[in-house]
Amino acid sequence: MIKTKSIEEMTVHEIDPIRDPRWNEFVERHPRSSIFHSPKWLLALQGAYGYVPLVVSTSPPSERLENAVLYCEVKSWLTGRRLVSLPFSDHCEPLVNDGIELDCLLSHLKYRVDKYKWSYVEIRPIAEAPGLTTEFERSVAYYLHRIDLRKDLSELFRGFHKDCVQRKIRRAEKESLDYEEGSSGALLEKFYRLLLITRRRQHLPPQPRQWFRQLIDKLGQNLKIRVVSKNGLPVASIVTILHKNTMTYKYGCSDTRHHKLGGTALLFWKAIEEAKNVDCVSFDLGRSSMDNEGLIAFKEHWGASRTAMNYWRYPHKPNQAPSLWKTNLINRVVSMAPDCSLIAAGRLFYPHIG
């Protein structure tokens, strides 16, 4: 009989996931790893925002990795110093074999937070949950939506909502929209113009261009910007990332004046067709706030299944929503601000909110 070690018997080691070659090998072979664990994603985070990625594991330096929790150090004079697993990533599953390993690694992160007086440590797992002894508590809950691609294309299409998806795809095909894909500077600019329109509509500044440039540079051909245009005018765009047997939808934007053309539906259908062609088994549609009924409905119209996903923090610090007057003020400022000011605001603030 194999004896399981207790938390007290385990030694925790810290490694650099960018420099240690064991990390990439571990991510490639682990069944629950995602694009957000990959060294290329970490390099993009570091290049765009300066975050330092680190890994804690009970595997000794001389042996191959068998478990890990990945996180980044976020150091901000505006929002405080914290450990996040992982900034600007919808989820980051702890790659562990059991709850004992997870609690051991989280206890080490908890110790670091207490010792160095960091604000908190947050983890963003899909399914794993910390034990009570770690003192981690739920901070926020989301739904994660994924489409099961282990069906043929015709069966997938029949599973889409007839009016909200199937009809829009057919409408887009009749409109003879121009479809482009790739990662060129020209496509990035088309995407970014639509992103600026969308973020203004959402009363938020856009993510910095540098972030997308870093993603393109580090992820290479695994990242695609997909754009549809009508008479030379871009009307919708999405960004997808391929990693192992999963395609992930990460960003989307559109011009609402042209929604009736069905451009967004066509983009997702093109991405799903490609995912099937390269033998993907899952299409990750990302997280949704549980109160965002419109976004949840959109994803489920594509036949996506939802999973409840909890983020956890130590020490527990609830997310505080801004007061009503502050929200109204922000909305007014964003609606009136020129494009250059919104872009500058994104460059200034995003490094502080990862």
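For the subset of the range 220-249 comprising residues that are within 24 Å of Leu204 (Cα to Cα) and touching a residue at least 60 places away in the same chain (Cβ under 8 Å), which member is surrounded by the fewest Cβ atoms within 10 Å (Cβ to Cβ)?
That would be Ile241.
Considering only residues that are surrounded by fewer than 21 Cβ atoms within 10 Å (Cβ to Cβ), among the hydrophobic types (A, V, I, L, M, F, W, C) and either without any contact (Cβ under 8 Å) to a residue 24 or more places away in the chain or farther than 19 Å from Glu14 by Cα (or both), which ones fall in the range 26-58?
Val52
Residue-wise test of (1) surrounded by fewer than 17 Cβ atoms within 10 Å (Cβ to Cβ); (2) within 24 Å of Pro338 (Cβ to Cβ); (3) without any contact (Cβ under 8 Å) to a residue 24 or more places away in the chain.
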{"site": "Asp148", "(1), (2), (3)": "yes, no, no"}
{"site": "Lys151", "(1), (2), (3)": "yes, no, yes"}
{"site": "Val165", "(1), (2), (3)": "no, no, no"}
{"site": "Lys190", "(1), (2), (3)": "no, yes, no"}
{"site": "Leu194", "(1), (2), (3)": "no, yes, no"}
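Restricting to helices (runs of 4 or more DSSP H) lying wholly in the range 201-314: which have 2 or more residues that are over 25 Å from Gly354 (Cα atoms) and β-branched (Val, Ile, Thr)?
Values: elements: 209-219, 263-277, 293-300.
Helices (runs of 4 or more DSSP H) meeting the threshold: 263-277.
Looking only at the range 78-117, which residues are out of contact with any Ser or Thr (no Cβ under 9 Å at 6 or more places or on another chain) and touching a residue at least 60 places away in the same chain (Cβ under 8 Å)?
Those that are out of contact with any Ser or Thr (no Cβ under 9 Å at 6 or more places or on another chain) and touching a residue at least 60 places away in the same chain (Cβ under 8 Å): Leu78, Val84, Pro87, Phe88, His108.
If you scan the range 209-249, which residues turn out to be touching a helix residue (DSSP H, G or I) at 6+ places or on another chain (Cβ under 9 Å) and at positive phi?
Gly220, Lys244 - these are the residues of the range 209-249 that are touching a helix residue (DSSP H, G or I) at 6+ places or on another chain (Cβ under 9 Å) and at positive phi.
Going by the conditions given, is His145 within 28 Å of Asp291 (Cβ to Cβ) and either charged (D, E, K, R) or modelled with pLDDT under 95 (or both)?
Judged against the criteria, His145 is not a match.
Kindly provide the set of residues from the range 155-208 that are at positive phi and modelled with pLDDT of 95 or more, ordered by number. So that I can check it myself, show each step before the final result.
Taking the range 155-208 as the starting set, the residues that turn out to be at positive phi are 176, 182, 203.
Result: Gly182, single match.
The values are calculated or read from the model by the stated rules, or taken from the named source; none is laboratory data. Just so we're clear, the structure is a prediction, and the values are computed from it rather than from any experiment. With ideal geometry, Cβ positions are generated from the backbone for all residues, glycine too; neighbour counts draw on all protein chains shown.
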